[in-house]
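Structure record follows, encoded as structure tokens.
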Amino acid sequence: MSDDSRPSPHDGPAAARTAAVIPAAGRGVRLGPGAPKALRALGGTPMLIHAVRAMAASRAVSLVVVVAPPDGAAEVKSLLDVHALPERTDFLVVPGGRSRQESVKLGLDALPPGHDIVLVHDAARPLVPVDTVDAVIEAVREGAPAVVPALPLADTVKQVEPAGTPGEPEPVVATPERALLRAVQTPQGFDRATLVRAHETVTGDVTDDAGMVEQLGLTVVAVPGHEEAFKITRPLDLVLAEAVLARRRLNDGF
Ligand code: CTP
Ligand code: MG
């Protein structure tokens, strides 16, 4: 584009008008018993702190809103106080709700004016690289009301008739063409007013915020995601995350 005045994620604080909402209020049932997932350690640091730093690593992000476990807001606040963030980044902590959707809504409600772009990023994706964050912001700045980072699938996907009982065989009803499918990650990026409207009007169950914008009839675009933006869901994901961190430490050492 020839418009040099258009802000880019690499601009300084004057152009910074992006806020990141981090839903971190889940229990992490699939990870097994223990502390709420976002508070569990990864390389000795709480997962949530990694996720906050991943957002704050983008020069465009000037505010991070953390949506804490309902009874854990004070603990999250003190964690953020002791773990350094870049000076340009402010943070807020609000207690979350019963569903992810409700938690994101509570985070949006807490956003002060002055941020026109909002990222929504799972605390459970602590290792997303800054280039992915910046690519999402850039696509919103270029005019997309909603942007998702997405990757092609490795596995073929089957649609089934779900069995009533877990473990029972399930009839396969269709095989969508894999080349047309993408697995989506976070941060998902939005024009703020669009995301607020989506959360006010869409009431059905959704698993991601961009899906709500689709239900408004607006176009959602996908930009390349990153394999390190994977979600920590089950115990094996923690093993992978520790390995990614160990590799980063090695690379930083040389
Ligand atoms: N989340 C949230 N509020 C909820 C439920 C989920 O803020 N009531 C957040 C989680 O903390 C997580 C993100 O949404 O960062 C993605 O959810 P998921 O990976 O499913 O995390 P959990 O719900 O904690 O895990 P599980 O479903 O295994 O209990
Ligand atoms: Mg969940």
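The values are calculated or read from the model by the stated rules, or taken from the named source; none is laboratory data. Everything numeric here is computed off the predicted structure, so don't read it as measured data. Here the Cβ is made from the backbone with ideal geometry for all residues, glycine too, and neighbour counts use every protein chain on show. Note: accessible area is taken over every heavy atom of the protein model, side chains too, but ligands, DNA and RNA are not part of it. Shrake-Rupley method; radii C 1.70, N 1.55, O 1.52, S 1.80 Å.
Residue 239 - would you say it is touching a helix residue (DSSP H, G or I) at 6+ places or on another chain (Cβ under 8 Å) and outside any loop (DSSP other than H, G, I, E, B)?
Details: touching a helix residue (DSSP H, G or I) at 6+ places or on another chain (Cβ under 8 Å): no; outside any loop (DSSP other than H, G, I, E, B): yes.
So residue 239 fails the test.
Please pick out the residue among 176, 235, 166 that is modelled with pLDDT under 95, surrounded by fewer than 18 Cβ atoms within 10 Å (Cβ to Cβ), more than 19 Å from the chain's Cα centre (by Cα) and of a type outside the set (Asp, Glu). Before you say what the answer is, go through the steps one by one.
Values: 176 fails: modelled with pLDDT under 95; 235 fails: modelled with pLDDT under 95.
Residue meeting the stated conditions: 166.
Residue 127: among the aliphatic types (A, V, I, L, M), away from ligand 2 (no atom under 16 Å from the Cβ), open to solvent by 10 Å² or more (accessible area, probe 1.4 Å) and part of a loop (DSSP other than H, G, I, E, B), yes or no? Let's see the steps before the verdict.
Details: among the aliphatic types (A, V, I, L, M): yes; away from ligand 2 (no atom under 16 Å from the Cβ): yes; open to solvent by 10 Å² or more (accessible area, probe 1.4 Å): no; part of a loop (DSSP other than H, G, I, E, B): yes.
Against the criterion (among the aliphatic types (A, V, I, L, M), away from ligand 2 (no atom under 16 Å from the Cβ), open to solvent by 10 Å² or more (accessible area, probe 1.4 Å) and part of a loop (DSSP other than H, G, I, E, B)), residue 127 does not qualify.
How many residues are open to solvent by 60 Å² or more (accessible area, probe 1.4 Å) and within 19 Å of the chain's Cα centre (by Cα) if we restrict to the stretch 198-218?
Here the count works out to 3.
Look through 102, 75, 87 and report the one residue that is closer than 18 Å to residue 200 by Cβ and either touching a residue at least 24 places away in the same chain (Cβ under 8 Å) or open to solvent by 20 Å² or more (accessible area, probe 1.4 Å) (or both). Don't jump to the end; show me each part of the working.
Values: 75 fails: closer than 18 Å to residue 200 by Cβ; 87 fails: closer than 18 Å to residue 200 by Cβ.
Unique residue meeting the criteria: 102.
Do we find that residue 58 is in contact with a Gly (Cβ under 6 Å, 6 or more places away or on another chain), touching a residue at least 40 places away in the same chain (Cβ under 8 Å) and of a type in the set (S, T, N, Q) in this structure?
Numbers: in contact with a Gly (Cβ under 6 Å, 6 or more places away or on another chain): no; touching a residue at least 40 places away in the same chain (Cβ under 8 Å): yes; of a type in the set (S, T, N, Q): yes.
No; evaluated as a whole, the condition is false for this residue.
Could you grab me the full set of residues in the stretch 195-254 that are more than 16 Å from ligand 1 (Cβ to nearest atom) and in contact with a His (Cβ under 9 Å, 6 or more places away or on another chain)?
245, the sole residue that qualifies.
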